[in-house]
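Report on the structure given below.
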Ligand code: FAD
């Protein structure tokens, strides 16, 4: 008989925590999960899933317009925000129910309360003290806003999913993928959107061609991107908000959304008191096995601030459970992880940007295609697609593939297999094109544009 209540106690029932709990239970461990909000975590409740549903909704706007030149008569269209939010919430409830069913079906105990570590083997949760041999911290992250006067009048992505009405004019502050995605969502649904970013160009860390191309495409759709711009204070008068900007100008709107970064939710749960090493930005420090400096405490997902994406948190949770409970040790490879921006148009990227590859000492062949997609030859929409390949000149290995345009996330997911396998440009080209597609450009680009 174990001297602990559980073999594993997982704090946080999001993407990573749920996967780790289920796999560990499958290996025969006695497992409990504490979740203070709703099972499913950021991705399901207030992240990827609701965001993508809203993004789909925003696309209809252009679909109705594009249909006309294809011969369709589209009657008067209107959009009802409460209907979208209610149907989105219904889907989130359904997914939340599935997560619960899966956990309970895996014989994992669910404790729906905030958990705090009392010592390395004891968790205080819902007024009880529970002991466990192993602790897994999978508490995710939370939006962070600058402490400027009036910031309380702003919202974050959390609240954007529950606004009672669609704002007429929205200001989005931030240049990362969440800011860019919400700019596309609000704009597509009919709001006037201004995006403020204090840096030189949106999407820092992405390939420069992707950043400039996407910013231009967003501009064509009516999103006002103002770079090198930030707000110093926000004032509220009635239902209107005024942002005072660093260039001395003012902007008024109905809603201000800050998407200026996320902080690991590692505060206030006893970690520092136990001596678990945490960085100043809140990230729990772990090794390649997701182990903290306290031997029986591991941490995975966004609270470790490695690569903050759902499939990464899931992989880390799976590797942890197999390693610690399944007698099958393995580690997550954090290199060459594909990702998408569900902007309008969307972007998909895998591998190195041109700048990263050059910094890594590679001599490069760069391939680029910039074209009007076939659909828009008739629709008349002025939207273009960009594809770019970053190829190591000596070995001809494709180091990176980047795309902005319709279906980019779907296309990049498939390309990620080849890039992860280390395919060469010749191996890409050996695949005969699927015609007529946009994706075929990735196997037909013949001449490097730059070296
Ligand atoms: P989470 O999913 O955040 O789960 C942590 C859980 O722990 C939460 O449910 C929280 O309530 C709970 N918790 C915290 N502290 C405690 C405590 N002390 N006691 C009990 N419970 C606690 N990723 C993608 O891959 N693709 C996307 O398109 C994408 N879009 C996104 C859009 C938005 C708007 C946001 C915010 C994120 C998006 N992400 C996306 C990122 C993705 O959601 C996260 O990377 C992922 O959810 C991380 O999983 P996790 O398990 O680390 O944490």
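Computed from the coordinates by the stated procedures, all read-outs in this text should not be read as laboratory data. Computed from a prediction, not measured in an experiment: that's the story for all the values here. Here Cβ is always computed from backbone atoms with ideal geometry, including for glycine, and neighbour counts include all displayed protein chains.
Length available on full extension from residue 80 to residue 277: 0.36 nm per residue minus the Cα-Cα distance, which gives 66.1 nm. Cβ-to-Cβ counts within 10 Å put 109, 89 in ascending order as 89, 109, the fewest first.
Distance between the pseudo-spin-label points of residue 118 and residue 37 (7 Å out from Cα toward the beta carbon): 2.7 nm. Using only Cα atoms, tell me the angle between helix 310-325 and the longest principal axis of the chain; keep it within 0 to 90° and round to the nearest 10. Approximately 30 degrees, to the nearest ten.
Label positions at residue 107 and residue 252, each projected 7 Å from the Cα along the C-beta direction, are separated by 6.5 nm. For the range 345-444, the C-alpha radius of gyration sits at 1.07 times the compact-globule guess of 2.2 N^0.38 Å, with N the residue count. Once you order the gyration tensor axes a ≥ b ≥ c over the Cα atoms, which shape class does the range 84-124 get: rounded for a/c under 1.5, otherwise prolate or oblate by comparing a/b with b/c? Oblate is the answer for the range 84-124, as a/c is 1.5 or above yet b/c matches or exceeds a/b. With neighbours defined as other Cβ atoms within 10 Å of a residue's Cβ, the residues 407, 209, 119, 302 order from fewest to most as 119, 407, 209, 302. Segment residue 410..residue 72, full-extension length gain: 119.0 nm, with 0.36 nm per residue of separation and the alpha-carbon distance subtracted. Sorting 182-190, 125-133 by average packing, meaning the other beta carbons within 10 Å per residue, from highest down gives 182-190, 125-133.
Relative to a virtual label point 7 Å from the Cα of residue 356 in the Cα→beta-carbon direction, which members of the range 301-338 show backbone nitrogen distances below 13 Å? Those under the cut-off are 307-308, 334-338.
For the range 257-346, what is the relative contact order in percent, using Cα pairs closer than 8 Å and at least 6 residues apart in sequence? Before the final figure, lay out each step's value.
Details: 96 pairs, mean separation 16.6, N = 90.
That works out to 18 percent.
Can you give the FRET efficiency for residue 2 and residue 335, using 1/(1 + (r/R0)^6), R0 = 35 Å, r = Cβ-Cβ distance, to the nearest 0.05?
So, using R0 = 35 Å, E works out to roughly 0.40.
Taking the Cα of residue 226, stepping 7 Å toward and past its beta carbon, and measuring to each backbone N in the range 151-185: which are under 11 Å? Backbone N within reach: 171-172. Calculated [222 nm] ellipticity per residue, helices only, for the chain: -9500 deg cm²/dmol; basis is -39500 (n - 2.57) per DSSP H run with n ≥ 4, divided by all residues, nearest 500.
Normalising the average separation of contacting C-alpha pairs (under 8 angstrom, six or more residues apart) by the number of residues puts the relative contact order of the range 299-451 at 22 percent.
Distance from the Cα centroid of the range 64-93 to that of the range 246-266 is 28 Å (rounded to whole angstrom). Using Cα centres only, tell me the gap between the range 275-334 and the range 341-381 in whole Å. Comparing the Cα centres of the range 275-334 and the range 341-381, I get a distance of 32 Å.
Taking the empirical scaling 2.2 N^0.38 Å for compact globular proteins as reference, the range 116-192 has a Cα radius of gyration ratio of 1.67. Cα centroid separation, the range 97-111 to the range 185-242: 40 Å. Subtracting the Cα-Cα distance of residue 372 and residue 65 from their residue separation scaled by 0.36 nm leaves 108.8 nm.
Which percent of the Cα-Cα distances in the chain go past 30 Å? Each step should come with its number before you reach the end.
On the way: 52448 of 101475 pairs.
Tail of the P(r) past 30 Å holds 52 percent of the pairs.
Ordered by the number of other Cβ atoms lying within 10 Å of each residue's own Cβ, fewest first, 257, 387 fall into the sequence 387, 257. Relative contact order, whole percent, for the chain stands at 16, derived from Cα pairs under 8 Å and 6 or more residues apart.
Sorting the segments 217-225, 146-154, 15-23, 408-416 by their mean number of nearby beta carbons within 10 angstrom, highest to lowest, gives 15-23, 408-416, 217-225, 146-154. Rounded to 0.05, the FRET efficiency of the residue 168 and residue 48 pair, given R0 = 25 Å and the Cβ-Cβ distance, is 0.40.
Can you tell me the order of 375-386, 2-13 when each peptide is scored by its average per-residue count of other Cβ atoms within 10 angstrom, highest first? Don't skip to the answer; put the middle values down first.
Numbers: 375-386: 16.0, 2-13: 23.1.
Ranked by mean Cβ neighbours within 10 Å, highest first: 2-13, 375-386.
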